[in-house]
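For reference, the structure discussed in these notes is given below.
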Ligand SMILES: [Ca+2]
């Protein structure tokens with residue numbers, strides 16, 4: 001909603017009419033560093049932050065509201081495997097995933113979506129089936145080959161009505177579970193799940209509440225390797241395939257770690273970038 005004229009700031013936020021150049025970004029960085037306190041105040045007050053927002057960081061955006069053979073959004077394409085099944089979702093349609101409908105995701109030009117990324121945010125809404133659901137909503141692996149025990153190389157979710165586990169594996173000879181995240185928040189209803197990766201650190205939010213933090217996982221680029229690997233929705237490559245059974249909607253992937261404020265999470269004051277020793281640096 002627009003603010004009344006009198007309430008608008010006297011110095012309007014810098015807005016880019018065209019994609020910002022490196023020089024313009026540097027200028028913005030300098031401006032940002034001199035007004036870190038103001039920007040952090042903005043983070044604490046939704047609607048006042050003027051910096052590039054989460055939408056600028058989107059690299060995949062699937063609403064499942066149109067399409068059947070494939071779904072597109074934010075430069076990514078999810079290609080249907082099996083036969084697409086859609087059902088009423090959080091907004092419009094949701095993907096009704098199962099062993100007969102899952103998705104391969106890549107950039108629209110066919111190249112791996114997650115290549116080279118260590119900072120990432122994955123968000124979605126899910127409503128798993130209460131039974132017959134292994135839980136693999138999102139599965140990013142080094143390649144499409146079947147996984148081998150104690151040699152796993154993937155980041156994958158096990159999303160069930162009993163809770164959510166995120167496995168981060170880059171194993172070589174033993175199963176190291178030190179980087180995993182576990183939520184035991186049980187629900188049979190729709191829930192919103194955000195996973196924020198910052199290198200070795202991962203934070204898992206369910207319904208905008210932090211449920212698990214783990215600072216000891218392998219970075220995503222280490223898991224996926226130089227090629228960038230594969231990204232699947234609804235299927236993991238264990239044996240002949242293990243699947244998610246249930247509804248998935250609003251799958252969005254961002255190429256940086258969104259802040260608590262951007263996630264709509266309350267505990268903004270804990271954002272380390274709002275501490276004096278960590279001026280904001282995401283403009284450069
Ligand atoms: Ca939808």
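Every number here is computed from the coordinates shown, using simple stated rules; none is lab data. This structure is a prediction, so every number in the text was calculated from the model and none was measured. Heads up, the Cβs are rebuilt from the backbone with ideal geometry, glycines too, and the neighbour counts pull from every protein chain shown.
Tabulated results
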item: Tally of residues being surrounded by 17 or more Cβ atoms within 10 Å (Cβ to Cβ) and over 17 Å from the mean Cα position of the chain (by Cα) across region 180-211; result: 0
item: Any hit, region 173-186, residues being in contact (Cβ under 8 Å) with a residue 12 or more places away in the chain and within 19 Å of residue 112 (Cα to Cα); result: no
item: Scan of region 68-100 for residues that are within 15 Å of the ligand (Cβ to nearest atom), crowded, with 17+ Cβ neighbours inside 10 Å and outside any loop (DSSP other than H, G, I, E, B), ordered by number; result: 71, 73, 78, 86, 93, 94, 95, 96, 97
item: So residue 118, is it more than 22 Å from residue 192 (Cα to Cα) and in contact with a helix residue (DSSP H, G or I) (Cβ under 6 Å, 6 or more places away or on another chain); result: yes
item: So residue 252, is it closer than 22 Å to residue 75 by Cα and assigned to a strand (DSSP E or B); result: yes
item: Residue list for region 56-67, restricted to those being within 15 Å of the ligand (Cβ to nearest atom) and in contact (Cβ under 8 Å) with a residue 40 or more places away in the chain; result: 60, 61, 62, 63, 64
